Each structure stands twice: as C-alpha cells, then as structure tokens.
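Quick note: the coordinates plus some simple rules give every number you see, no bench work behind them. None of these values were measured; they are calculated from a predicted model. Note: ideal-geometry Cβ built from the backbone for every residue, glycine included; neighbour counts use all protein chains shown.
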Amino acid sequence: MKELVLLGDEAVALGALHAGVTGCFGYPGTPSTEILEYIINSSDRSETTVAQWCTNEKTAYETALGFSFSGKRALVTMKHVGLNVAADPFMNSSLCQIKGGLVCIVADDPSMHSSQGEQDSRFYADFAMVPLFEPVTQQEAYEMIGEAFDLSEKWHVPVMMRLVTRLSHSRAQIRTADSPRAQNALEKGLPADWMLLPALARKNYAKMIDKQDDLLSWSNKWDRNTLEINPSRTDLAIITSSLGRNYFEENLADYAASCGKAGLPSLLHIAGMPLPLEKIRALADSAQTILVIEEGMPFIEKQLRGLVPGKNRIIGKFTGELPRAGELNPDLVRAALGLSAKKTILDTVTPPVLPARPPQLCKGCPHHDSYSSLNTAVEILNEREGAVSTVVAADIGCYALGAVAPLKAVETIVCMGASIGMARGASEAGYKYTFGVIGDSTFLHSGLTGLVDAVSTNTPLTVIILDNSIVAMTGCQTTMLPSAQLEKIVLGIGVEPEHCRVIDTKPNLVEENTKIILEEAEYRGVSVIIMVRECLEAVRLRKKKEAITRA
Ligand code: SF4
C-alpha cells in the first residue's frame with residue numbers, strides 16, 4: 001500500500017487507473033481539468049490505456065461510449081456546464097445496456113469560481129435515472145470510482161460521479177491499492193442493446209425502469225449511505241451530503257456539547273443516488289424536523305418534500321437556514337446548527353483594506369491588441385451610426401476578460417460557442433454591425449455550427465476568431481487542430497474566400513487591423529477574420545520543448 005498526497009481530481013484519476021480503466025476522454029474545464037491531465041501524465045497508466053482530450057464534451061462522451069460498447073472500462077470527464085453539451089449522448093446512454101463500465105465524472109462549481117452558472121449535476125443523474133456517487137474526501141474519491149465501475153457493469157448502466165470545486169482542488173493524503181485491477185478484454189456489445197431505434201429504445205427504456213428497484217435496493221444497503229438514529233431526539237434529524245458532511249463534522253465537537261444529554265440528532269449521510277428511500281423514511285420517522293446540509297442546489301431538500309409529504313418540516317436552503325446561492329462553509333453550517341459564530345482573529349484585529357485585483361489578461365497577451373483594434377472599429381461605427389448599430393458578442397476563454405476594464409470590449413458571454421449565434425440573432429433583429437468573438441478552441445468546440453447557420457442564411461456579421469494556438473484558460477492543452485486548418489474549415493463551410501481574412505495581431509498592427517475590421521463589417525454577408533498570435537504561455541511551452549529537443 002502506497003501513501004500519496006493528491007488533489008481530489010488526482011485521487012479519482014488514480015482510482016480509475018487502479019480500477020482497470022483503459023479509455024479516458026474529456027474536455028478541459030475548471031474544476032475538472034486535473035483528472036484527465038493526471039491520467040495523461042501518470043506513470044500508473046498502462047501502455048494500452050488511451051487518454052485524450054476531445055473537441056468537446058459530447059464527442060468525449062461518445063468516444064467513451066464506443067469504448068464501453070467494446071467491453072472496456074471508460075471514463076469521461078467534464079465540468080458541470082460541459083454536461084449540457086454532452087447531454088444528448090448522456091441521456092440516451094442510460095437506455096443502452098452498458099457493457100464495459102462507463103463512469104462520467106462531472107465537477108460542479110458552487111460559487112461559480114470559474115463558471116457561468118452553479119447548476120447541480122445531480123438533477124441530470126436523476127433525469128437520466130442513473131446512479132450517482134458523491135465522494136466527500138480524497139480517499140473516498142479514490143475508492144468510490146472503482147465501486148462506480150463495478151456498479152456500472154453489474155447493472156449495465158452509466159454511472160455519474162459528482163465532484164465539487166473544494167474537493168477537486170484540495171489535497172489530502174490517501175492510501176492506494178498495491179496493484180491495479182485487471183483490464184477488461186476487447187468484446188463486442190449486442191446491437192440490440194445499443195441501437196436506440198424506437199422499437200428497441202422502448203424495450204431498453206422499460207429495462208431501465210425495471211432496474212430502478214434493484215438500484216434503489218442497492219442504495220438502501222450501500223454502507224456509504226450511513227444512518228445513525230438517536231431515539232432520544234425526536235425534535236430534529238440531519239441529512240448531509242457532499243462537502244456538507246465535512247462542514248458538519250468541523251462543528252461536531254461544539255454541536256455535540258450544545259446538544260447536552262439528549263445527544264446529537266439522528267444523522268443520515270447520503271453518498272449517492274438513487275436516494276436511499278428506506279433510510280430517509282426511517283430518519284423521517286425519528287424526528288419532526290429534518291435539516292438538510294447539501295453542497296449545491298437544494299436537490300435532496302426538494303426531493304424530500306415529495307418523499308415525506310407533510311409529515312416532517314424540511315429545513316435548509318429553501319427555508320433560509322442555509323443560503324440558496326454559493327458554496328457552503330463551516331461558518332454557514334455552524335449558524336444553521338444554531339451555534340454562535342466562532343471567535344476569530346478578525347474579532348480583535350481589523351485587516352487592512354487591500355486594493356481590488358480583478359482578473360486581467362496577461363501583460364502582452366495577443367487578445368489585448370485584437371480587442372484594441374475591435375474597440376476602435378466599434379467606436380468609429382457607433383459615432384457614425386449611433387450606439388444601437390453595433391453588438392459585440394463574445395465567448396468563454398481568456399478573451400472573456402476583454403469584458404472588464406480597461407478594454408470593456410464585449411457585451412455578451414453566455415456559453416461555449418454562443419458568440420456566433422448571438423451575433424447572428426442580433427443581426428437578424430436589426431443591428432447593422434454585429435461581431436462574434438471566439439477563440440480557436442471554442443470555435444472548434446461549438447462555434448462551427450453557428451457559422452454554418454450564418455452562412456446558410458447569409459446573415460451579415462463578422463466572426464473574429466482569436467487564434468492563440470492553445471487552450472490557454474484551462475491550463476494550456478493543445479488545440480485539437482493546428483492553426484493552419486482553421487482557414488480551410490471556414491472556407492469549407494462556405495465563407496467567401498475574399499471575406500475570410502487571416503491576419504497577425506500585434507501592437508504595431510492595431511491600426512491596420514482596425515481598418516480590416518471596418519472593411520469586413522461593411523460586407524453584407526458572413527465574414528471571418530482570424531487574428532493570429534500565440535498566447536504567451538504557448539510561446540513559453542514551445543521554447544521549453546525546443547530546448548529539450550536541442551539538448
Ligand atoms: S494565458 Fe495566454 S491567452 Fe490567456 S491571458 Fe495570458 S497570454 Fe492571454
């Protein structure tokens with residue numbers, strides 16, 4: 001047995017390798033990126049293990065499905081909003097009779113540290129009727145992933161594992177197995193199990209419904225869903241899940257002391273789904289009020305209102321004991337338990353007020369020059385035509401920082417790939433000059449289809465692809481296709497060659513590039529400007545590689 005200090009993401013990655021996974025796919029996104037990064041760089045990875053970044057979460061999920069069809073264990077990783085992109089294969093895969101274990105790890109980001117939303121992936125697992133695992137510690141993350149693969153193969157269902165930022169990105173010591181488990185052999189899935197033609201899909205849907213009782217029975221017996229009943233406490237019972245348990249335990253000594261002789265309330269920890277109904281009902285029978293401490297949206301709290309209707313008072317995020325938005329923390333849970341705030345050093349010392357440090361583009365970032373050209377072009381157009389003549393829609397990536405001072409260059413940032421569709425929509429709505437600003441990787445991820453739409457309707461708009469030759473924001477993964485391919489793709493979609501401009505972006509070219517943007521803005525069709533310059537990190541990595549090759 002080895003002892004290692006790992007991030008939650010790394011623990012689950014190593015656990016997957018030790019559980020015999022041989023196909024690992026994903027799209028980078030905070031806080032999930034380190035899972036696949038770890039596997040790609042791991043010496044625990046066998047020679048036959050495939051670990052690859054994919055163009056987007058949907059293609060990653062589909063590749064993992066193909067692995068599972070072949071009888072081998074497959075892992076797919078993404079952040080919570082990435083699951084929206086993979087929702088189609090994810091939902092439909094629940095009707096396939098999964099062969100090699102298939103586990104989808106989704107890392108949620110409560111408090112939106114690096115995301116555009118707080119959505120809670122448990123709703124997706126419930127929607128698809130697939131089991132869900134929620135580790136609370138790095139050790140559990142390491143161990144549970146093997147259990148998730150076993151369950152997937154036993155019941156032929158995909159399994160979701162939900163992580164949250166604080167677990168993904170915090171380190172702890174874990175104990176690992178001595179040797180990895182054997183890998184599955186290559187086999188073939190039965191076509192009837194994998195073809196969702198209506199006649200077959202109906203049968204498979206019925207099978208999925210039939211499996212629910214077995215999965216529920218597993219969940220009721222699963223020893224990670226722990227129930228402790230205290231018959232002396234009929235006033236209150238507590239349910240914890242995800243990191244809610246850690247924050248509860250941090251307050252345990254003070255809370256136990258405050259409970260006196262009657263002792264702690266009955267406690268149910270829910271480590272996964274389907275929700276363990278028998279244990280929930282036993283808990284509900286033991287007390288009048290149930291406090292739910294869960295990380296994320298009030299998912300369990302909402303379900304409880306249907307599971308124990310009218311019988312108990314359910315309190316938590318809906319009733320204000322805990323906040324609806326943002327991450328939990330020990331202090332919030334402390335207050336929900338009725339404990340007074342802990343004295344801290346801040347009660348006696350007033351910390352100095354530090355200047356705000358909003359996130360910014362790196363000094364010398366190519367996006368700065370590209371936005372400078374665009375800003376001047378937009379200013380000129382607005383002065384000439386009035387402010388309701390231009391719209392700049394942007395996308396997700398480093399270049400989203402163009403939204404903040406000093407650039408303040410963009411007006412919308414919604415989701416991966418939305419910039420082109422939104423620029424098109426604004427153009428169709430009546431704006432004369434609309435711009436969709438998108439990175440090279442985001443363009444491949446989900447901008448292509450928006451461009452196809454725009455070309456099909458010949459909607460006047462200008463797409464600006466900021467080609468920095470790397471997936472910078474998530475840790476400098478390689479872009480799926482080299483820069484040289486972008487122009488060919490744009491032309492292949494049908495953009496007129498004279499309106500597909502590939503230009504360098506540099507401080508001394510800002511003025512010249514403004515003119516090019518103005519020219520293309522006047523074109524009453526689809527124009528694409530690919531502004532090229534490597535990200536500073538890409539330059540650093542390239543030079544490092546070149547030095548290694550020379551040595
Ligand atoms: S990492 Fe690269 S793309 Fe991102 S802000 Fe810095 S230089 Fe620009």
Legend entry - Reach of Lys544 by Cα under 15 Å, taken over aspartates and glutamates that are not fewer than 8 positions away in the same chain: Glu534
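Is the shape of the chain rounded, prolate or oblate, going by the alpha carbon gyration tensor and its root eigenvalues a ≥ b ≥ c, with a/c under 1.5 for rounded and a/b larger than b/c for prolate? Don't skip to the end; give the middle numbers.
Values: a/c = 1.89, a/b = 1.52, b/c = 1.24.
Because a/c hits 1.5 or more and a/b exceeds b/c, the chain counts as prolate.
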Legend entry - Candidate lysines for bridging to Lys188, where Cα separation is under 23 Å - those fewer than 8 sequence places away on the same chain excluded: Lys58, Lys72, Lys99, Lys154, Lys203, Lys207, Lys211
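Suppose R0 equals 25 Å. What FRET efficiency, 1/(1 + (r/R0)^6) with r the Cβ-Cβ distance, do Met195 and Asp150 give to the nearest 0.05?
Numbers: r = 26 Å, r/R0 = 1.04.
For R0 = 25 Å, the calculated efficiency reads 0.45.
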Inset, instruction - Rank Thr176, Ser446, Gly23 by how far each Cα sits towards the positive end of the charge dipole of the chain (+1 on Lys, Arg Cβ; -1 on Asp, Glu Cβ) and give me just the farthest. - result: Thr176
Legend entry - Dipole of the stretch 366-539, positive end: most advanced residue of Val490, Ile517, Ala426 [Cβ charges, Cα centre]: Ala426
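Please label the shape of the stretch 358-504 as rounded, prolate or oblate, based on the square roots a ≥ b ≥ c of the eigenvalues of the alpha-carbon gyration tensor (a/c under 1.5 means rounded; beyond that, a/b larger than b/c means prolate, else oblate). Let's see the in-between values first.
Details: a/c = 1.63, a/b = 1.06, b/c = 1.53.
Because a/c hits 1.5 or more and a/b fails to exceed b/c, the stretch 358-504 counts as oblate.
Given charges of +1 on the Cβ of Lys and Arg and -1 on the Cβ of Asp and Glu, with all other atoms neutral, how large is the dipole of the chain about its Cα centre, in debye to the nearest 20?
Values: 53 positive and 64 negative charges, 165 e Å.
So the dipole magnitude of the chain works out to roughly 800 debye.
If I stretch the segment between Glu519 and Ala206 completely, what's the gain in nm (0.36 nm per residue apart, minus their alpha carbon distance), one decimal?
Numbers: separation 313, 0.36 × 313 = 112.68 nm, distance 5.85 nm.
Residue separation times 0.36 nm, minus the Cα-Cα distance, leaves 106.8 nm.
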Inset, instruction - Beta carbons within 10 angstrom, averaged per residue: use that to sort the peptides 439-449, 328-338, highest first. - result: 439-449, 328-338
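Which FRET efficiency, nearest 0.05, do Lys2 and Glu187 yield, Cβ-Cβ r, R0 35 Å?
On the way: r = 32 Å, r/R0 = 0.90.
Result of the calculation: an efficiency of 0.65.
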Inset, instruction - Step through the residues of the stretch 241-250 one at a time and calculate ³J(HN,Hα) from phi using the Karplus curve (6.51 cos²θ - 1.76 cosθ + 1.60, θ = phi - 60°), rounding each to whole Hz and writing x for Gly and Pro. - result: 8, 6, 6, x, 5, 4, 5, 5, 5, 5
Legend entry - Length-normalised contact order for the chain - Cα pairs under 8 Å, 6+ apart - percent: 11
Legend entry - Sequence-distant aspartates and glutamates (8 or more away, or on other chains) whose Cα lies within less than 19 Å of Lys343: Glu249, Glu250, Asp254, Asp331
Inset, instruction - With a point put 7 Å past each Cα toward its Cβ, work out how far Ser483 is from Met91 in nm, to one decimal. - result: 4.0
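Return a single number: how many Lys pairs in the stretch 226-341, at a sequence separation of 8 or more or on separate chains, have alpha-carbon atoms below 21 angstrom apart. Mind showing how you got there, number by number?
Numbers: Lys279/Lys302; Lys279/Lys311; Lys302/Lys311; Lys302/Lys317.
Pairs that pass both the separation and distance tests number 4.
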Inset, instruction - Highest first, please rank the peptides 495-501, 201-207 by the mean number of other Cβ atoms sitting within 10 Å of their residues. - result: 495-501, 201-207
Legend entry - DSSP bridge pairs, the chain: antiparallel proportion in percent, nearest 5: 15
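For the stretch 151-241, just say rounded, prolate or oblate: build the C-alpha gyration tensor, square-root its eigenvalues into a ≥ b ≥ c, call rounded for a/c under 1.5, and beyond that prolate if a/b exceeds b/c, oblate if not. All intermediate terms of the calculation are to be shown ahead of the outcome.
On the way: a/c = 2.47, a/b = 1.40, b/c = 1.76.
Oblate, because a/c is 1.5 or more while a/b does not exceed b/c.
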Legend entry - Relative packing of 174-186, 95-107, which averages over residues the other C-beta atoms within 10 Å, highest first: 95-107, 174-186
Inset, instruction - Check each of the trypsin sites (Lys or Arg not before Pro) in the stretch 335-394 and keep only those in coil by DSSP with at most 13 other C-beta atoms within 10 angstrom; list them in order. - result: Lys342, Lys343, Lys363
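What number, rounded to the nearest 500 deg cm²/dmol, is the helix-based mean residue ellipticity at 222 nm of the chain, given -39500 (n - 2.57) per DSSP H run of at least four residues and division by all its residues? Walk me through the numbers before you get to the answer.
Details: 21 runs with 224 residues, N = 551.
Helix-only estimate at 222 nm: -12000 deg cm²/dmol.
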Inset, instruction - Provide the gained length on full extension for the span Thr350 to Lys261, in nm with one decimal, where the gain is 0.36 nm per separating residue minus the Cα-Cα distance. - result: 28.2 nm
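Near Ile35, within a Cβ-to-Cβ distance under 11 Å, what is the net charge of the other residues, with Lys and Arg +1 and Asp and Glu -1?
Values: positive: Lys79; negative: Asp9, Glu10, Glu34, Glu37.
Net local charge, Ile35 excluded: -3.
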Inset, instruction - Give me the distance between the Cα centres of the stretch 19-64 and the stretch 287-339, rounded to whole Å. - result: 35
